[in-house]
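Heads up: the structure comes next, in structure tokens.
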Amino acid sequence: QVRLVESGGGLVRAGGSLRLSCVSSGSLFSELTMSWYRQAVGHHREFVASISSDGTTDYADFVKGRFTISRDNAESTSYLQMNNLEPEDTAEYYCSQPGPIWDYWGRGTQVTVSS
């Protein structure tokens, strides 16, 4: 069973920055694509960013130019650097990793951006 643990969320003013971390207990971390999703109250969970094993990144349009995803395979950790945050970025942020049958998910970290 793989465990994902997110951290780094908090309360920040609009225009501020946060860096989220996701630590994976899985042994195949370096071979897997890591993804970040978010879910705001009353909304569906939505894709934010992903990074493949070779470092290829993908972003949702609404975060391009503001968020950067990265990974440290030695630490089995994925990061999401979030700059120029907006109140609309307020959500619970989750990381995800593919599994043999279903995807693994962390419990999330709350990001709140005040105007």
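I'd like the residue in region 1-21 that is of a type in the set (A, V, I, L, M) and assigned to a strand (DSSP E or B) and, out of all such residues, is surrounded by the most Cβ atoms within 10 Å (Cβ to Cβ).
For region 1-21, the residue satisfying everything is Leu20.
Could you look through region 4-57, keep only residues that are closer than 18 Å to Asn83 by Cβ and free of Cβ contacts under 8 Å to residues at least 40 places away in the same chain, and pick out the one that is farthest from the chain's Cα centre (by Cα)?
Thr57
Restricting attention to region 24-58, report how many residues are surrounded by fewer than 18 Cβ atoms within 10 Å (Cβ to Cβ) and in a strand (DSSP E or B).
5
Looking only at residues in region 73-92 that are farther than 16 Å from Gln39 by Cα and in a loop (DSSP other than H, G, I, E, B), which one is least open to solvent (accessible area, probe 1.4 Å)?
Of everything passing the filter in region 73-92, Ser76 is least open to solvent (accessible area, probe 1.4 Å).
Out of (1) part of a strand (DSSP E or B); (2) closer than 18 Å to Leu4 by Cβ; (3) not basic (Lys, Arg), the odd one out for Val113 is which?
(2)
Among the residues of region 62-72, is there at least one that is open to solvent by less than 50 Å² (accessible area, probe 1.4 Å), without any contact (Cβ under 8 Å) to a residue 12 or more places away in the chain and in a strand (DSSP E or B)?
No: region 62-72 contains no residue that is open to solvent by less than 50 Å² (accessible area, probe 1.4 Å), without any contact (Cβ under 8 Å) to a residue 12 or more places away in the chain and in a strand (DSSP E or B).
Can you tell me how many residues within region 93-115 are open to solvent by less than 30 Å² (accessible area, probe 1.4 Å) and either among the β-branched types (Val, Ile, Thr) or on the phi > 0 side of the Ramachandran plot (or both)? Break it down into steps so the answer makes sense when it comes.
Pass one, region 93-115, residues open to solvent by less than 30 Å² (accessible area, probe 1.4 Å): 93, 95-97, 99, 106, 108-109, 111, 113.
Going one step further and asking which of them are either among the β-branched types (Val, Ile, Thr) or on the phi > 0 side of the Ramachandran plot (or both), we end up with 108-109, 111, 113.
Number satisfying all stated conditions: 4.
The values are calculated or read from the model by the stated rules, or taken from the named source; none is laboratory data. Worth saying up front: this structure is predicted, and the values here are computed from it rather than measured. In this analysis, Cβ positions are derived from the backbone assuming ideal geometry, glycine residues included, and neighbour counts consider all displayed protein chains. Each accessible area value is taken on the protein alone, full model and side chains, heavy atoms only, with ligands, DNA and RNA left out. Shrake-Rupley method; radii C 1.70, N 1.55, O 1.52, S 1.80 Å.
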